[in-house]
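*Asks:* This structure is in structure tokens; I'll ask about it shortly.
The values are calculated or read from the model by the stated rules, or taken from the named source; none is laboratory data. Since we're looking at a predicted model, the values are computed, not measured. Neighbour counts are summed over all protein chains in view; Cβ atoms, including those assigned to glycine, are modelled from backbone coordinates with ideal geometry.
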Amino acid sequence: MKKTWCFILVLTAFSVALWADGDKGKTASGLSGKKVIVADANSTHHLNLYVAYEKGLFAKQGLEVEIQQTNAGVAAVVGGEADIVFNCPTGVITPIAKGQNIIIISQVKIPCTSVLVVPVDTAIKTPKDLNNLQIAGLSTTCCAVIAIRNTLKEQYSTDFELVTLAPGAALAALEAKSVKGAILEEPFVAQALLIKDAKGNPKYRTVFDGSSDANGDGKIDANLAGVNPPCRTINANTNFIATRLGDAKAFIAAIDEADKLIRSNPIAPEIVDIAEKYVKVPRQAIINSNPKLGFQIKLDTVGLKGYADDLVKQGAITKNPGDALFAPQFKGITW
């Protein structure tokens with residue numbers, strides 16, 4: 001009888017082991033055991049992603065993460081080819097409003113660091129001086145472009161002509177003097193400020209960013225983009241959230257740990273090394289810009305819904321989705 005019970009116990013234990021192996025990841029942690037695919041376009045604004053990956057923080061959470069480089073990350077997530085994308089929120093709000101398979105789960109950083117960069121000898125002294133000037137910027141739906149243009153229209157009854165260019169091309173346009181200024185994000189702002197003329201003097205400066213004086217009257221000008229506007233968000237395929245919520249929560253936990261690590265010393269050599277591995281800009285530009293990147297997972301829901309209002313005004317969407325922009329499964333975690 002004892003041998004029979006012993007055999008049953010051994011058989012049961014063996015069966016449990018086989019079940020656990022065959023249904024890998026179905027544990028108390030709620031992990032699926034499947035790889036998490038992140039569609040990414042290299043940016044120091046995604047430094048928390050790279051730090052979590054390079055420092056083993058995803059593995060610490062029990063996740064296997066693959067970072068795939070693409071400029072079509074939102075489309076990849078909507079189509080289910082990728083699970084997660086870090087992106088400017090205005091590029092995600094539109095597909096959410098149209099009922100596509102993507103949702104915001106976390107903030108990446110606050111504030112938006114995009115500012116207006118102009119030649120040192122610019123004739124631009126007041127916001128009204130921007131009227132009808134050609135200014136380079138990423139797109140009409142870029143958060144910073146929207147915020148700056150709204151302020152100009154509402155407070156100064158003026159607007160500029162946007163020349164749509166990626167950051168590298170915008171810097172080249174500044175150098176060629178084919179535009180009067182460029183709305184750039186970090187670390188490209190820092191890169192522009194490192195450029196010197198033949199005499200070794202800075203060629204560019206920032207204006208109307210809450211830290212500079214455009215007209216030389218000794219007064220700091222207000223930031224045209226507003227006070228601490230929200231920047232990028234972490235966004236996920238809705239089916240991924242519905243079927244692999246444990247994976248999504250573990251992913252955000254790793255990002256939160258990376259945020260804390262970066263904030264503790266954003267210019268630590270190992271942090272700068274990781275940034276330099278993923279983003280090809282001068283190391284000094286990374287050092288100068290990293291302290292400005294306010295990584296956090298808590299969503300600025302008010303500011304993000306404000307961007308949705310702006311997209312309604314532009315005609316990009318017909319209705320502000322409101323709280324439907326945010327994954328309800330992350331309420332109490334990131335919002």
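*Asks:* Determine which member of the set 190, 182 is under 12 Å from residue 115 (Cβ atoms), outside the structural domain of residue 276 (by TED's automatic domain parsing) and in contact with a Ser or Thr (Cβ under 6 Å, 6 or more places away or on another chain).
*Replies:* Only one candidate passes the filter, namely 190.
*Asks:* Every residue in region 278-288 that is at pLDDT 95 or above and either under 10 Å from residue 47 (Cβ atoms) or out of contact with any helix residue (DSSP H, G or I) (no Cβ under 7 Å at 6 or more places or on another chain) (or both), please.
*Replies:* Scanning region 278-288 gives 278, 279, 286.
*Asks:* Let me ask something additional. Take region 175-203 and flag every residue that is among the hydrophobic types (A, V, I, L, M, F, W, C) and surrounded by fewer than 21 Cβ atoms within 10 Å (Cβ to Cβ).
*Replies:* If the condition is that a residue be among the hydrophobic types (A, V, I, L, M, F, W, C) and surrounded by fewer than 21 Cβ atoms within 10 Å (Cβ to Cβ), then 176, 193, 194, 195, 198 are the ones that fit.
*Asks:* Further question on the same structure: Are any residues in region 201-234 under 25 Å from the mean Cα position of the chain (by Cα), part of a loop (DSSP other than H, G, I, E, B) and not polar (S, T, N, Q), and if so, which ones?
*Replies:* Scanning region 201-234 gives 208, 209, 210, 222, 224, 225, 226, 227, 229, 230, 231, 232.
*Asks:* In this structure, is residue 22 modelled with pLDDT under 95 and surrounded by 14 or more Cβ atoms within 10 Å (Cβ to Cβ)?
*Replies:* Details: modelled with pLDDT under 95: yes; surrounded by 14 or more Cβ atoms within 10 Å (Cβ to Cβ): no.
Here the answer is no, as residue 22 does not meet what is asked.
To keep it simple, each residue is scored yes or no on (1) over 19 Å from the mean Cα position of the chain (by Cα); (2) in the same structural domain as residue 42 (by TED's automatic domain parsing); (3) β-branched (Val, Ile, Thr); (4) under 29 Å from residue 305 (Cβ atoms).
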position	(1), (2), (3), (4)
136	yes, no, no, yes
148	no, no, yes, yes
152	yes, no, no, yes
155	yes, no, no, yes
160	yes, no, no, yes
168	no, no, no, no
172	yes, no, no, no
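*Asks:* Can you tell me which residue is surrounded by the fewest Cβ atoms within 10 Å (Cβ to Cβ) among those in region 253-273 that are over 29 Å from residue 30 (Cα atoms) and of a type in the set (Val, Ile, Thr)?
*Replies:* Of everything passing the filter in region 253-273, 267 is surrounded by the fewest Cβ atoms within 10 Å (Cβ to Cβ).
*Asks:* Which pairs do you get when a residue that is closer than 15 Å to residue 332 by Cα, found in region 285-304, comes within reach of a residue that is among the small types (Gly, Ala, Ser), reach meaning Cβ atoms under 8 angstrom, with the pair 6+ apart or on two chains?
*Replies:* 297/106; 299/106
*Asks:* Just wondering, is there one or more residues in region 238-253 that are assigned by TED's automatic domain parsing to the domain that holds residue 34, among the charged types (D, E, K, R) and outside any helix (DSSP H, G or I)? Break it down into steps so the answer makes sense when it comes.
*Replies:* First pass over region 238-253, keeping only residues assigned by TED's automatic domain parsing to the domain that holds residue 34: 238-253.
Add one more test, that the residue is among the charged types (D, E, K, R), and what stays is 244, 247, 249.
Then drop every residue that is not outside any helix (DSSP H, G or I), which leaves 244.
Yes.
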